[in-house]
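Asker: First, the structure itself, so that you have it in front of you.
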Amino acid sequence: DRLNIDTDEIQSFLDISRADQFSARGINKIIVRGDSVFFATDFGVVVFDPIENEVRDSYSRLGSITPASAVSDIDFSVFQSSESIWVATNEGLAIADVSGLNLKDPANWNVEVLPNNDLTAIANFDGNVYVGTTTNLYLRLSENDYQPTGLPPNGMKDLYALTDRLVGVGRFGVFSVFQDG
């Protein structure tokens, strides 16, 4: 649903719930990026055009990850000198260049595997990629090289990159990572 705060009108969009080729159709995260709204769903990524009120695209085949796998979070960053979309799943992190490639083609996605692949959150902060899992927060050192931070000890629920800090929501509390580490 979308709430128009000027008119208090609620408009429903049923595109995701009508995607009956997928047994699970939940929405796990909503990200606004430019003129698009990205939905992390139980079957992949859905890109919505809020001006035209229609689904612009969907990506359910992310590289070597099982087709129609659940996506827990989405983020954008510079990767190998171009803007990329980063998608957290329970089979790893899928990364694709967003500059004109056909993201429906699984060959255009790279998949990185973490020590714990049950990914729950992802955020880019202070030039670094942080990935939350059900057991830890990892810092990406380089391709396929992730260092556990030890935060929080009971797993991640969500991450928010602010200007001066990364805020993490753990199972039993909230914590911050500042620019000085």
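Asker: List the relative contact order of the stretch 1-150 as a percent without decimals, with contacts defined as Cα pairs under 8 Å and 6+ residues apart.
Answerer: Result for the stretch 1-150 is 13 percent.
Asker: Could you state the number of Å between the C-alpha centres of the stretch 142-181 and the stretch 99-114?
Answerer: Centre-to-centre (Cα) distance: 25 Å.
Asker: Nearest 20 debye, what's the magnitude of the dipole of the chain about its Cα centre given +1 on Lys and Arg Cβ and -1 on Asp and Glu Cβ?
Answerer: Dipole about the Cα centre, nearest 20: 500 debye.
Asker: With every protein chain present, what accessible area does residue 138 have (1.4 Å probe, heavy atoms only), rounded to the nearest 10 Å²?
Answerer: Roll a 1.4 Å probe over it and residue 138 shows about 20 Å².
Asker: On to the next question. Report the net charge of residues surrounding residue 159, where surrounding means a beta-carbon distance below 14 angstrom and charges are Lys +1, Arg +1, Asp -1, Glu -1.
Answerer: Values: positive: 29, 140, 157, 165, 171; negative: 73, 75, 126, 158.
Taking every other residue near residue 159 into account, the sum is +1.
Asker: Same structure again: Ignoring any ligand, DNA or RNA, what whole percent of the accessible area of the stretch 1-142 comes from carbon and sulfur when the probe is 1.4 angstrom?
Answerer: That fraction is 47 percent.
Asker: Let me ask something else. Rounded to the nearest 0.05, what FRET efficiency is calculated for residue 101 and residue 165 with R0 set to 30 Å and r the Cβ-Cβ distance?
Answerer: 0.35
Asker: With a 1.4 Å probe and all protein chains left in place, how much accessible area per residue does the chain have, in Å²?
Answerer: Accessible area per residue: 53 Å².
The values are calculated or read from the model by the stated rules, or taken from the named source; none is laboratory data. Given the structure is predicted, the values throughout are model-derived calculations rather than measurements. Cβ atoms come from the backbone with ideal geometry, glycine included; neighbour counts cover every protein chain shown. The accessibility values were calculated without ligands, DNA or RNA, using every heavy atom of the protein model including side chains. Shrake-Rupley method; radii C 1.70, N 1.55, O 1.52, S 1.80 Å.
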